[in-house]
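The values are calculated or read from the model by the stated rules, or taken from the named source; none is laboratory data. Quick caveat: nothing in here was measured; it's all calculated off a predicted structure. Cβ placement follows ideal geometry from the backbone for every residue including glycine, while neighbour counts extend to all protein chains displayed. What goes into the accessible areas is simple: the full protein's heavy atoms, side chains included, and nothing from ligands, DNA or RNA. Shrake-Rupley method; radii C 1.70, N 1.55, O 1.52, S 1.80 Å.
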Amino acid sequence: VQLQASGGGLVRPGGSLRLSCEVSGRTFTTSDALGWFRQPPGGEREFVAAMRWNGWKTYADSLKGRFTIAKGTQNTVSLQMNNLKSEDTAIYYCATGRGLILSSASNERNYGYWGQGTLVTVSS
């Protein structure tokens, strides 16, 4: 199973970016979940959002209303990020796991496969 995150870049505060994660080597079923995490410079990796394929979606409380996770074309998931702030600067990772329940979605240890990350820089 391989994950490829893309769509990062430099954006001004208040701008938007859409990240995409393409998963190969696995066809998503309703048992699969995909999550987005981020690691800011000098910081620890933190949960951003996750979704169960054809099921629930969940977000970090601080990001609700600005970030949206959505299913894309086959085996892809996007993360739409609006009204970006400097504190959103981070490497964004996508990850997939099987059999996650909603309450476990924010724990990175429940994800077995990870992509390489894509850098998002929010700066004027």
(Q) Along the Cα→Cβ direction, 7 angstrom out, place labels at GLU108 and GLN39. What is the inter-label distance in nm? (A) 0.6 nm
Q) Can you give the accessible area of THR30 in Å² (nearest 10), computed on protein heavy atoms with a 1.4 Å probe? A) 90 Å²
Q. When the Karplus curve 6.51 cos²θ - 1.76 cosθ + 1.60 is applied with θ = phi - 60°, which whole-Hz ³J(HN,Hα) does each residue of segment 102-117 get, with x for Gly and Pro?
A. 4, 5, 9, 5, 8, 9, 5, 5, 8, 10, x, 10, 10, x, 7, x
Q. How large is the accessible surface per residue of the chain, computed with a 1.4 Å probe and reported in Å² as a whole number?
A. 50 Å²
Q: List the residues whose amide H sits under 5 Å from the amide H of GLY15, counting only those 5 or more places along or on another chain, with H placed 1.01 Å from N in the peptide plane.
A: LEU84
Q. Each residue of segment 50-65 in order: what ³J(HN,Hα) in whole Hz does its phi give by Karplus 6.51 cos²θ - 1.76 cosθ + 1.60, θ = phi - 60°, with x for Gly and Pro?
A. 7, 8, 8, 4, 6, x, 5, 10, 8, 9, 4, 3, 6, 10, 4, x
Q. In the chain, what is the volume of the convex hull around the alpha carbon atoms, normalised per residue and reported in Å³?
A. 89 Å³
Q) Percent of accessible area on the chain owned by carbon and sulfur, 1.4 Å probe? A) 45 percent
(Q) Quick check: with the 1.4 Å probe, what order do THR73, THR96 take by accessible area, largest first? (A) THR73, THR96
**Q.** Beta bridges per DSSP with both ends in the chain, % antiparallel, nearest 5
**A.** 90 percent
Q | Length-normalised contact order of segment 1-96 in % [C-alpha pairs under 8 Å, at least 6 apart] | A | 36 percent
Q) Can you work out ³J(HN,Hα) from phi for every residue in segment 35-40, in order, using Karplus 6.51 cos²θ - 1.76 cosθ + 1.60 and θ = phi - 60°, giving whole Hz and x for Gly and Pro? A) x, 10, 10, 9, 10, x
